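Heads up: the structure comes next, in structure tokens.
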There are 6 protein chains.
Amino acid sequence: MRILAIGAHGDDIELACGGTLAKAINNQHEVKMLVVTGKGSKSHKDVIIRTDSEARKEVEDAASILGVTDVTSLNYDDTNVPYSIDLISDIENIIIEFNPDMIFTHFVFDTHQDHIRTAHSTLSASRRRNNIYLYEPINPSGQGYVAFRPQLYSDISSTIEKKISSLQAHKSQLKKYSNKWLEAVEARAKYRGYEIGVDYAECFEIVRTELDL
Amino acid sequence: MRILAIGAHGDDIELACGGTLAKAINNQHEVKMLVVTGKGSKSHKDVIIRTDSEARKEVEDAASILGVTDVTSLNYDDTNVPYSIDLISDIENIIIEFNPDMIFTHFVFDTHQDHIRTAHSTLSASRRRNNIYLYEPINPSGQGYVAFRPQLYSDISSTIEKKISSLQAHKSQLKKYSNKWLEAVEARAKYRGYEIGVDYAECFEIVRTELDL
Amino acid sequence: MRILAIGAHGDDIELACGGTLAKAINNQHEVKMLVVTGKGSKSHKDVIIRTDSEARKEVEDAASILGVTDVTSLNYDDTNVPYSIDLISDIENIIIEFNPDMIFTHFVFDTHQDHIRTAHSTLSASRRRNNIYLYEPINPSGQGYVAFRPQLYSDISSTIEKKISSLQAHKSQLKKYSNKWLEAVEARAKYRGYEIGVDYAECFEIVRTELDL
Amino acid sequence: MRILAIGAHGDDIELACGGTLAKAINNQHEVKMLVVTGKGSKSHKDVIIRTDSEARKEVEDAASILGVTDVTSLNYDDTNVPYSIDLISDIENIIIEFNPDMIFTHFVFDTHQDHIRTAHSTLSASRRRNNIYLYEPINPSGQGYVAFRPQLYSDISSTIEKKISSLQAHKSQLKKYSNKWLEAVEARAKYRGYEIGVDYAECFEIVRTELDL
Amino acid sequence: MRILAIGAHGDDIELACGGTLAKAINNQHEVKMLVVTGKGSKSHKDVIIRTDSEARKEVEDAASILGVTDVTSLNYDDTNVPYSIDLISDIENIIIEFNPDMIFTHFVFDTHQDHIRTAHSTLSASRRRNNIYLYEPINPSGQGYVAFRPQLYSDISSTIEKKISSLQAHKSQLKKYSNKWLEAVEARAKYRGYEIGVDYAECFEIVRTELDL
Amino acid sequence: MRILAIGAHGDDIELACGGTLAKAINNQHEVKMLVVTGKGSKSHKDVIIRTDSEARKEVEDAASILGVTDVTSLNYDDTNVPYSIDLISDIENIIIEFNPDMIFTHFVFDTHQDHIRTAHSTLSASRRRNNIYLYEPINPSGQGYVAFRPQLYSDISSTIEKKISSLQAHKSQLKKYSNKWLEAVEARAKYRGYEIGVDYAECFEIVRTELDL
């Protein structure tokens, strides 16, 4: 199986489906992470949160913890991701080349502008693909203003630790959000796990999916 | 894989997921059909549409065409299916006994009273099950008043003929609805197939499902 | 402020809004818990889960931990709660008598038949009330088949412990569901708390509410 | 054109589509009002709100003001309308006999039990009909817990006065709700009218409708 | 009646409402087709799909088969349609000039960027119009990520052949999508027709519409 | 309490929550109005509707009638408000500086491009804020294409007159829309008031809110 996870920023993918990706790697699937931005970022007051090289390093370290070696950054500007033919084409080219069986991306009704536009661009680029799943948004980087519908549950009991570790590799983010960030992510995974009777899970809203019988 | 399909009436299951069941049988899965009613039926003017034995025969013949040998009828009254602890328990007992990996049932926002109550009863009975899918409703036995969301697509190109044949085995229904019924079912499967790039498909709205990686 | 919480079974209220009620008591508000059933319960195989007197004792103990002294049980049959004029009138009488400023009840699109009918009966009974909130459903007693929309957040950081203790008082349930039940409830509260920047929160979907300025 | 309006109680139809029916009569269409209950009613404390004969008289007077002479009452019990094959069949028989081009009924997500069940019964009975519209619910007899979607607008500028007069004929209701009831209905019609650029309108959510070209 | 159909690309209008337009022409209504782009298009790899003059010719031929003589192209760039005051004003000017009784446009929750922006621009431009209908999206040019709600059905049994012929006039598209495209469109029309008891239908979600009595 | 109301144009805020703001001022709360545009406007045919100085004057006069002295205009171009990091940052800066307890903004599914983008920008800028409410859209400046859900009701019986007066201060708009505009706004407030049993109310859909106990 080939799995493509698309996130606006370094850390979005780990937050939303890091456990699933690590499990996929463990089970010999091919995984590709696509980060739409990829440069450093500043706070709204121009304080540097992470430099370009820090951003690159954090993304690589985090992916490495999950066991993912195929990571591409598109280098669109942080906070300014477009919903344009450029980004759509970039994603479409990667879809054609990588030929994924599953695509994960942001929730369309998230509130972060970069998440929304990454989601729309992915939906446009993957019109002819049949297994598309949307992340459960999480504060503080994103929230929903339309009810998120948890539908696809992925048991990540065997990889929850890697997921949390991969987030710890995002040092600049961890500094910004504090340890409560990790605790919330872990609590969410426990709650979602309980909903399907396992220890930890990640969940997704489904755009469409094929039944494999 | 063990697949449980629950329908209010003989023919509901074939209409909604007959192709999927036939394919599952072809691929060595175990399939059980559960029909909540199972006796004959009358029109609203008390004209007999099918007798008890005809109903039984039609259900058996149709199942047989799909290759399904495990068929249970609960014998609730046609047009009068309850949403009650009795039906919920009956379904729950079958779920415990058959231990399905997947459960298919009616769309909750269908307009036929028996479909709605079968759906609700199934949802209550399968609260601890993780792969639950809802049928795409179809006129004239049912319609939706809330938008149905096609999400799970099942490629039935290899079994569309069995699906149509199984409906032909419901002679009393075919007489009631005419050949246009079969043509509409076939057209729907073609349309849904096109949406995922195959010849024929059945589709479902997803309550929740587990990612199998 | 007078707060009325309505649940189908002993433990539903504690699960969904126990922290909020304990906080209300701490802050000198009046709280009434209304349990629609109230007798003992059996599993679907007629194994006794709790006897009538155990049920009564557990409800009283749990309420007492939250600091709630006003608890009414309507004694409708477990698994068989009706959506009928009887229950609607019972609730309406309590609303008229207690005159609540806020009413909490089950999510309408829950999957447990008793939860659904308690929700519908409450909505019918409180047509002229202006602050009505719906519980976030939780497995295994209930799940949603329509997306729950978390809208009203209640900071329960100061009462999370009482909430968990009140659930421990439901000994028969704890035995049935194991300690993972408590861990999931605690994890959910932590996740929901993080969404609004506090340690623990309960959340609700809003039917309607008045702005108090 | 033949128009069938179905309401749970005398006054529901006038509230929701009285102006539309009066206009239809003015324009030579055939109109039938079907009231599911039809006997008197009591408050939840058994105080008589209207006797059987008062109820009958009020319904007749109100219909007469709108110009509607074809009124049928099914005499189901007030507050206790079932969603059953009996009511479905009663409605189905009337649909077959009257053969309406359009059917109006309650909003499915109303909060009054009689409204909800009248709506469900109508939807079941009219599965093969193509023009079905749902009333905008109004307090205090009903409210919605799911967003009502105003879609079909009917200009009633020429019949707003008849609509209000028909409600005044429901003397027992007017006494119960006071004159503010009429003012609210008039205000709603003005607001809805403004949305389409006319003086007064009634509006409806659409189940399905045929384009007449 | 004056009918305005707005589509992002040549062929979108025919796909979605070609049968309805042909029928309108047959019944002496005035029809205008507005194509937002109108120049040629390339695949994402810069292979020319159709040249500017081919695009123009195909649109004209297709319209001519439907009997529509009033076709305007706005010449916005394919894949790059904006949601901007420019396009909104262009559409608004045409609305003021043509003064349509009905407006058809794309589904807002389609996945093709041009479809979405055409839909939004039309909704902005037609804020004061009362009969607005949204196309049922179809793969591969578009899909929905929110459930499309089929509400307005148009019987096109008399014009299904013209509809299909008009799509055949889009030779470049037919070459791109193969004959399965036409078969899917025909199957969809048959399925939708069956839902209202006719041979073929097109269907639409309704933004708002006026009742013509 | 500190209340921030954000509108695309002078008059949007008054239309949607003018009564609430006036009441807040009466009750000693702090109120800030933020107008995203703020310059004059032209009709789509370049006829001047209001000049820059008229726009400024109208906004000031209207605010003054409500008792609001803190008004900021961001001077983005009318009809061309962006959903960009610029506007998001502008709003974020004001949120940080004013530190509101509540934020009011446009409905996300409005049809006016400026309203939509103001709503999205506000949602992005207030990701970490917990009391966010969306305006009920109103024709002719805006309409919804998704059902608006009235959830938060604000009793404005004591300030309805100020609300209407504040709209009268928008002389250019009043001239454009005529007195029917004021009558519709007043009718809507009466209708919404009736829904919660008061004379006049404004209502809002809730993104999220904190329970204050």
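The values are calculated or read from the model by the stated rules, or taken from the named source; none is laboratory data. No experiment lies behind these values; they were computed from the predicted model shown. Every residue, glycine as well, gets a Cβ built from its backbone with ideal geometry; the counts of neighbours run over all protein chains shown. Heavy atoms of the whole protein, side chains included, go into the accessibility calculation; ligands, DNA and RNA do not. Shrake-Rupley method; radii C 1.70, N 1.55, O 1.52, S 1.80 Å.
Details
- Accessible carbon and sulfur surface of the stretch E:132-213 relative to its total accessible area, %, 1.4 Å: 45 percent
- Ordering D:F109, D:V59, D:G197 by the projection of their Cα atoms onto the charge dipole of chain D, which places +1 on the Cβ of Lys and Arg and -1 on the Cβ of Asp and Glu, puts D:F109 at the extreme positive end.
- Surface accessible to a 1.4 Å probe, per residue, for the residues of the protein assembly as shown, Å²: 33 Å²
- Cα gyration tensor shape of the stretch A:77-211, rounded if a/c is under 1.5, else prolate or oblate by comparing a/b with b/c: oblate
- Ascending distances from the D:D52 label point to its copies in the other chains, with the point 7 Å along the Cα-to-beta-carbon line: 3.8, 3.8, 7.8, 8.2, 8.8 nm.
- Reduction of at least 10 Å² in accessible surface, 1.4 Å probe, comparing all protein chains with the chain by itself, residues of the stretch D:81-102: D:Y83, D:I85, D:I88, D:S89, D:E92, D:N93, D:I96, D:M102
- Chain B comes nearest to the axis taking it onto chain A at the Cβ of one residue; that residue and its distance, in whole Å, are B:I206, 3.
- Counting DSSP beta bridges with both ends in the stretch C:70-213, the antiparallel % (nearest 5): 75 percent
- For A:M1, the point set 7 Å out from Cα toward Cβ sits 1.2, 4.5, 4.9, 4.9, 5.3 nm from its twins in the other copies, listed from shortest up.
- Counting from the shortest, the label point at C:S158, 7 Å from Cα toward Cβ, is 2.8, 4.6, 6.4, 6.4, 7.4 nm from the same position in each remaining copy.
- For chain C, the relative contact order is 25 percent, taking Cα pairs closer than 8 Å that sit 6 or more residues apart in sequence and dividing their mean separation by the residue count.
- Straight-line cross-link reach from E:K171 at under 17 Å between alpha-carbon atoms covers these lysines, not counting any fewer than eight positions away in the same chain: E:K39, E:K42, E:K57, E:K162, E:K163, E:K180.
- Cβ-placed point charges (K, R +1; D, E -1), dipole of the protein assembly as shown about Cα centre in debye, nearest 20: 0 debye
- Apportionment of accessible area to carbon and sulfur, the stretch F:1-111, percent (1.4 Å): 44 percent
- Charge dipole of the stretch D:1-155 (Cα centre as origin; +1 on each Lys and Arg Cβ, -1 on each Asp and Glu Cβ, all else neutral): 340 debye, rounded to the nearest 20.
- Per-residue packing, averaged as other Cβ atoms within 10 Å, sorts the ranges D:147-153, E:91-97 into the order D:147-153, E:91-97, beginning with the highest.
- Solvent-accessible area lost on pairing B with C (1.4 Å probe, both sides summed) amounts to about 1500 Å².
- Across the stretch C:204-213, rounded Karplus estimates of 3J(HN,Hα) from the backbone phi angles (6.51 cos²θ - 1.76 cosθ + 1.60, θ = phi - 60°) give 9, 8, 9, 7, 7, 8, 9, 7, 9, 10 Hz, Gly and Pro being marked x.
- Of F:L34, F:V81, F:T20, farthest towards positive along the dipole that unit charges on Lys, Arg, Asp, Glu beta carbons give the stretch F:1-145: F:T20
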